[in-house]
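The values are calculated or read from the model by the stated rules, or taken from the named source; none is laboratory data. Note that the coordinates shown come from a computational prediction; the quantities given were computed from them, not determined experimentally. Positions of Cβ are backbone-derived with ideal geometry, glycine not excepted, and every protein chain shown enters the neighbour counts. Surface accessibility is based on the protein's heavy atoms, side chains included, excluding ligands, DNA and RNA. Shrake-Rupley method; radii C 1.70, N 1.55, O 1.52, S 1.80 Å.
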Amino acid sequence: MFQLVSKASANARIDILSGLTVALALVPEAVAFAFVAGVHPLVGLYAAFMVGLITACLGGRPGMISGATGALAVVMVSLVAQHGVEYLFATVVLMGIIQVVAGALHLGKFIRLVPYPVMLGFVNGLAIVIFLAQLGQFKIEDTTGNLQWMTGEPLYLMLGLVALTMAIIKYLPKFTSIIPAPLAAIVVISVAVIYLGLDTRTVGDMANIAGGLPEFHIPAVPLTLETLWIILPYAVILAAIGLIESLLTLTLVAELTETHGRASKECMAQGTANVVTGFFGGMGGCAMIGQSMINVNSGGRGRLSGISAALFLLSFIMFASPMIEQIPLAALVGVMFMVVVGTFEWSSFRILHKIPRTDAFVLVLVSGVTVISDLAIAVVVGVIVSALAFAWKAAKRIDVTTKTLPNGSKVYHLHGPLFFGSIASFKELFDPKNDPDDVVIDFADSRVWDHSGLEAIDSMAERYIKAGKELHLRHLSADCTKLLEKSGSLVEINVIEDPNYGLVMDYPEDIMDQKDKAGAPEATS
């Protein structure tokens with residue numbers, strides 16, 4: 001009993017310290033994303049607090065961190081510029097409702113359709129995006145108000161502090177694990193800058209983060225259809241981006257921690273968080289891969305880590321803003337650079353020449369589109385290209401073996417899937433004009449995947465009828481035979497032999513696997 005209590009206490013301590021580290025890293029990120037969206041910094045900070053707290057309590061992946069993100073901010077900026085921040089709040093509420101509906105319909109399970117090369121491309125692309133986002137901290141305003149790259153002593157000081165931060169994070173765990181290395185690095189660099197009087201940029205140079213509790217606020221927009229048509233397209237796009245990024249982050253964190261996440265529950269949590277955030281003056285959000293990686297690498301595994309991160313962030317806003325504003329940006333940039341190093345799949349370079357060319361192309365494509373455009377488009381593009389590549393490969397797998405029976409009948413044993421991509425090859429496998437009068441097509445080693453396959457069978461039966469031949473179809477499912485009306489009495493259906501396996505899409509994957517292992521029964525003459 002004492003050991004269990006001691007272990008629970010140790011886990012709680014690690015989760016709380018991890019949460020503190022995450023909260024410190026959340027401040028500049030939330031402020032920066034608020035600037036991107038064109039809203040006040042507190043709108044981003046409140047979103048980080050509320051989305052982070054609610055998803056930590058209700059989400060499907062303990063230890064995953066959510067908050068205001070750049071992927072959503074770049075979509076919001078045009079809405080805010082054209083219609084104002086109140087329309088943004090209304091959009092966030094509608095976005096949350098859409099996500100709740102997606103969770104209730106268990107749409108989160110479709111994340112399994114994302115191929116592994118797309119996952120790798122997503123991770124690599126997001127690591128590059130995080131890296132590029134930090135480069136903005138190396139720019140300062142000149143006398144005209146334009147941003148210019150640092151030069152001279154300020155640049156060298158910034159680089160030196162970033163390097164020292166990264167060194168502490170890398171080597172401290174070799175000596176002690178009492179305190180998370182990122183938190184230790186932030187504290188050491190902050191103390192050094194303050195007591196040595198080093199002139200470097202701090203969080204306070206970005207914005208004043210002082211504020212109170214978020215207040216309930218119904219978005220001040222007209223309740224009309226016109227308003228709905230304005231916010232609906234943005235809400236759908238934001239909901240899709242938020243769920244895709246959240247579910248992919250959930251998959252990644254689950255893989256790193258060797259645990260399982262619940263996709264539909266995470267959809268519900270994200271939606272609930274955004275509905276609440278919209279009514280409390282926040283810009284909405286989703287899972288954050290950078291902060292999630294900080295939490296996981298710092299040892300945070302439980303819900304307490306996400307809850308403590310959100311509560312620490314609120315305390316910074318309400319009570320500790322003067323102290324937090326003194327934290328050097330170099331320390332936080334160093335932490336994020338280490339996140340980039342840990343997030344990027346460096347093994348991708350080694351496997352590019354070992355995996356199929358289409359997979360390598362998808363990996364590079366998704367990474368590039370993530371950097372150039374946004375995550376949602378990158379994932380959709382990657383899935384479409386992967387699906388087309390799969391369809392092309394599957395289309396080439398269909399073939400037949402033939403044999404002639406003693407009675408003169410010819411038997412075609414069909415092998416491979418029959419679907420829209422393979423029907424052209426399917427039609428070329430048969431020769432109705434030169435075949436004998438009695439022909440059998442055996443589907444024991446084939447599966448019909450879609451309506452195009454059914455139409456191809458129907459068309460083939462009609463060709464044999466016109467040629468005056470008798471055609472028998474064996475081991476074809478019952479629902480396929482119902483659509484073969486043109487074949488009439490010339491099509492022989494053996495109900496005992498024909499399994500009722502249906503179309504592939506009608507069965508769960510595990511049931512199909514069992515049926516494939518069992519195999520189809522042998523045909524009888």
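Before moving on, here are some points about what is shown:
- Stretch gain in nm, segment ALA210-LEU223, where the contour uses 0.36 nm per residue and the Cα spacing is subtracted: 1.4 nm
- Ordered by solvent-accessible area of protein heavy atoms (1.4 Å probe), largest first, the residues ILE140, ILE384 come out as ILE384, ILE140.
- Note on exposure: MET166, MET288 ranked by accessible area (1.4 Å probe, complete protein assembly) read MET166, MET288, with the most exposed listed first.
- Estimated D of the chain in µm² per second, where Rh is the Kirkwood radius over Cα pairs and Stokes-Einstein applies at 20 °C, 1.002 mPa s: 81
- Relative contact order of the chain, defined on C-alpha pairs under 8 angstrom at six or more residues apart (%): 23
- Distance from the Cα centroid of the stretch 319-391 to that of the stretch 119-168 is 17 Å (rounded to whole angstrom).
- Based on C-alpha pairs under 8 angstrom that are at least 6 apart in sequence, the stretch 183-323 has a relative contact order of 37 percent.
- Accessible-area composition of the chain, carbon plus sulfur, in percent [1.4 Å probe]: 64
- Area of GLU245 that stays accessible when all protein chains are in place (1.4 Å probe, Å², to 10): 10
- Phi angles of the stretch 298-313 translate, via the Karplus equation with coefficients 6.51, -1.76, 1.60 and θ = phi - 60°, into HN-Hα couplings of 8, x, x, 10, x, 5, 4, 5, x, 5, 5, 4, 5, 5, 4, 4 Hz per residue; Gly and Pro are given as x.
- Probe 1.4 Å, accessible area per residue of the stretch 289-335, Å²: 29
- Å² per residue, accessible surface of the stretch 1-122 at 1.4 Å: 38
- Per-pair calculated FRET efficiency, R0 = 51 Å: TYR171 and VAL77 via Cβ, rounded to 0.05: 0.80
- Helical contribution to [θ] at 222 nm, DSSP H n ≥ 4, -39,500 (n - 2.57), averaged over the chain, rounded to 500: -20000 deg cm²/dmol
- Global geometry of the stretch 221-371, whether rounded, prolate or oblate, following the gyration tensor of its Cα atoms and the 1.5 cut on a/c: oblate
- Computed from the C-beta positions of ASP431 and PHE390, the FRET efficiency with R₀ = 22 Å rounds to 0.15.
- Modelled FRET efficiency - R0 22 Å, SER347 with LEU107, Cβ distances, 0.05 increments: 0.10
- Distant alpha-carbon pairs in the stretch 121-207 (separation over 22 angstrom), percent: 40
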